[in-house]
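Step one of this worksheet: look at the structure below.
The values are calculated or read from the model by the stated rules, or taken from the named source; none is laboratory data. A quick note: this is a predicted structure, and the numbers were derived from the prediction, not measured. Cβ placement follows ideal geometry from the backbone for every residue including glycine, while neighbour counts extend to all protein chains displayed. All accessible areas refer to the heavy atoms of the entire protein, side chains included, with ligands and DNA or RNA removed. Shrake-Rupley method; radii C 1.70, N 1.55, O 1.52, S 1.80 Å.
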Amino acid sequence: ISPGVLRLLDYSDKELSGTNLYDYFCEECYKMLTPQLTKKHLQGGEIKTLMFRLVKKNGDMLWVETAVREIQSPNDKKQNLLFHIRDIHQQHLAMQTLQASEEKYRTLFENMDLGVLEVDLEEKILYSNLAFERISGYTMEEMKGQVASKLFLSDEQERKKVQKQEAVRKKGKESVYEIMLLRKTGEKAAVIISGAPVFDAQGNVRGSVGIHWDVTRIRSMEQEL
């Protein structure tokens, strides 16, 4: 037992020595991991990476990541396992918060009338709501993984406008701008975009999301007037 593990669980060396490691797994984690911790599953020396909660001395739950592998010595026919345990508690909680937040806003996006499009740092489409599908004429299956500017922009001037906005987004800033978007039918739609950066759990920009307001009809009426 390394000093690092003792510090994580708040036990002394004497308290942990000779006890069963699996007794410190949370009950739910043990039931989930039991099939992966069989002798047959861990044979061969291949490293298995697992994520679960350990129970500390005071009863608190601690999220850890462990790399486990089988080790054998020439004079020992028993199966021994070596666990490298790493504390990932704060990272895991941050990820759970981020996922809950994303789920909350995706539910909101799905039910709004404005089009929503999310892209990564390379402008590859990750997500769109039904309203954006109506604006563009494409389904999510047709759009996913495609580069947004190549799919929706045919005019070089419009591309430069979007590239400028993407540079702003990578700096972690929001902006509002208007472009002419090319629909699947070949028709052009005037859309006002409110764009914002999307951050990962570490606070780094991992893409952007844009809320699109189709103002084609409004612009047409303005021209007629």
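Just to be sure, is Ala167 small (Gly, Ala, Ser), open to solvent by 40 Å² or more (accessible area, probe 1.4 Å) and either on the phi > 0 side of the Ramachandran plot or part of a helix (DSSP H, G or I) (or both)? So Ala167 passes the test. Note on segment 173-187: residues that are open to solvent by 30 Å² or more (accessible area, probe 1.4 Å) and in contact (Cβ under 8 Å) with a residue 24 or more places away in the chain amount to 7. Somewhere in segment 123-142, is a residue without any contact (Cβ under 8 Å) to a residue 40 or more places away in the chain, under 21 Å from Tyr177 (Cβ atoms), open to solvent by 70 Å² or more (accessible area, probe 1.4 Å) and assigned to a strand (DSSP E or B)? Yes - at least one qualifying residue is present in segment 123-142.
Is it the case that Val55 is within 29 Å of the chain's Cα centre (by Cα), modelled with pLDDT of 90 or more and more than 15 Å from Ile1 (Cβ to Cβ)? The answer is yes for Val55. Taken over segment 102-122, the residue count meeting the criterion of being open to solvent by less than 70 Å² (accessible area, probe 1.4 Å), of a type in the set (A, V, I, L, M, F, W, C) and either in contact with a Leu (Cβ under 8 Å, 6 or more places away or on another chain) or over 19 Å from Tyr138 (Cα atoms) (or both) is 1. When you check Val64 against the structure, is it closer than 30 Å to Asp214 by Cα and at pLDDT 90 or above, yes or no? Here the answer is no, as Val64 does not meet what is asked. With a requirement of 3 or more residues that are open to solvent by less than 60 Å² (accessible area, probe 1.4 Å), touching a strand residue (DSSP E or B) at 6+ places or on another chain (Cβ under 7 Å) and free of Cβ contacts under 8 Å to residues at least 40 places away in the same chain, the strands (runs of 3 or more DSSP E) lying completely within segment 2-101 that satisfy it span 48-55, 61-73.
Matching residues to (1) modelled with pLDDT under 90; (2) polar (S, T, N, Q):
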| position | (1), (2) |
| --- | --- |
| Asp113 | yes, no |
| Glu123 | no, no |
| Glu133 | no, no |
| Gly137 | no, no |
| Lys170 | yes, no |
| Glu174 | no, no |
| Leu182 | no, no |
| Ser194 | no, yes |
| Gln202 | yes, yes |
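When you look at Gly145, is it open to solvent by less than 80 Å² (accessible area, probe 1.4 Å), on the phi > 0 side of the Ramachandran plot and more than 27 Å from the chain's Cα centre (by Cα), yes or no? Against the criterion (open to solvent by less than 80 Å² (accessible area, probe 1.4 Å), on the phi > 0 side of the Ramachandran plot and more than 27 Å from the chain's Cα centre (by Cα)), Gly145 does not qualify. Listed by first and then second residue, the pairs with beta-carbon distance under 7 Å, at least 6 apart or on different chains, first residue in segment 204-219 and touching a residue at least 24 places away in the same chain (Cβ under 8 Å) and at positive phi, second in a strand (DSSP E or B) and not β-branched (Val, Ile, Thr), are Gly207/Glu118; Gly207/Asp120; Gly207/Leu126. Restricting the search to segment 156-189, which residues are in contact with a Lys or Arg (Cβ under 9 Å, 6 or more places away or on another chain) and farther than 15 Å from Ile211 by Cβ? Hits for segment 156-189 are Arg159, Met180, Leu182.
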